[in-house]
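Quick notes on the structure that follows.
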Amino acid sequence: MCTCEFCGTQFQPRPQVKKPRACPAIGCQSLRQRSNERSWHSRYLHLYDRKYFADMKMKRSLAIQLKTEELIRWLDIGSRFLAQTLNLSALRDIFLNFCHRVGIRKINKLWVT
């Protein structure tokens, strides 16, 4: 038998739960869940900081820009090798816009380094 932290009643726990804190009542389960969420948020406060999101956005944008510059450099080498002229500034803008829409995670899956 265990005692519920939230309502104080005795209950028989399910065998799958190692350390039961709340009885099977719906109200106690929702209180337990909110308690767990509060403790999680207090441990990971930095994840909800606006500066964190701004830094991560800047980091992703820089990674996309570096990959775009690398691709443009490859295109420039290829065009010079084939003696063709390309408008690289227009290609850079188009490809940078495309990469920002696709996102860094999908780009990293396709990018071979």
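The values are calculated or read from the model by the stated rules, or taken from the named source; none is laboratory data. Predicted model, so just to flag it, every value in this text is computed and none were measured. Backbone-built Cβ (ideal geometry, glycine too); neighbour counts: all protein chains shown. To get the accessible areas, we keep the full protein, side chains included, count just its heavy atoms, and leave off ligands, DNA and RNA. Shrake-Rupley method; radii C 1.70, N 1.55, O 1.52, S 1.80 Å.
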Say we look at the stretch 42-53 and pick out the residues that are in a helix (DSSP H, G or I) and modelled with pLDDT under 85; which of these is nearest to ASN108 (Cα to Cα)? PHE53
Flag if THR68 is within 30 Å of ILE107 (Cα to Cα) and touching a residue at least 12 places away in the same chain (Cβ under 8 Å): yes
Working only within the stretch 1-23, note down all residues that are outside any loop (DSSP other than H, G, I, E, B) and open to solvent by 70 Å² or more (accessible area, probe 1.4 Å). THR3, GLN10
Selected residue [in a helix (DSSP H, G or I) and at pLDDT 90 or above] from GLU37, GLU70: GLU37
Filter pass, ASP76 being more than 30 Å from THR3 (Cα to Cα), assigned to a helix (DSSP H, G or I) and in contact with a Leu (Cβ under 7 Å, 6 or more places away or on another chain): yes
Looking at this structure, is ARG101 free of Cβ contacts under 8 Å to residues at least 12 places away in the same chain, farther than 30 Å from PHE6 by Cα and out of contact with any strand residue (DSSP E or B) (no Cβ under 7 Å at 6 or more places or on another chain)? yes
Collect the residues in the stretch 1-24 that are among the aliphatic types (A, V, I, L, M) and over 34 Å from the mean Cα position of the chain (by Cα), keeping them in residue-number order. MET1
Which one is nearest to ASP93 (Cα to Cα) among residues in the stretch 24-68 that are among the β-branched types (Val, Ile, Thr) and open to solvent by less than 60 Å² (accessible area, probe 1.4 Å)? THR68
Between residues in the stretch 36-49 that are at negative phi and residues that are surrounded by 10 or more Cβ atoms within 10 Å (Cβ to Cβ), which pairs lie under 6 Å by C-beta distance while being six or more apart or on different chains? HIS46/TYR52
Which of the residues spanning the stretch 99-113 are in a helix (DSSP H, G or I), at pLDDT below 80 and open to solvent by 90 Å² or more (accessible area, probe 1.4 Å)? ARG105, LYS106, LYS109, LEU110
Any residue that is part of a helix (DSSP H, G or I), modelled with pLDDT of 85 or more and farther than 30 Å from GLU5 by Cα - is there at least one of those in the stretch 81-88? yes
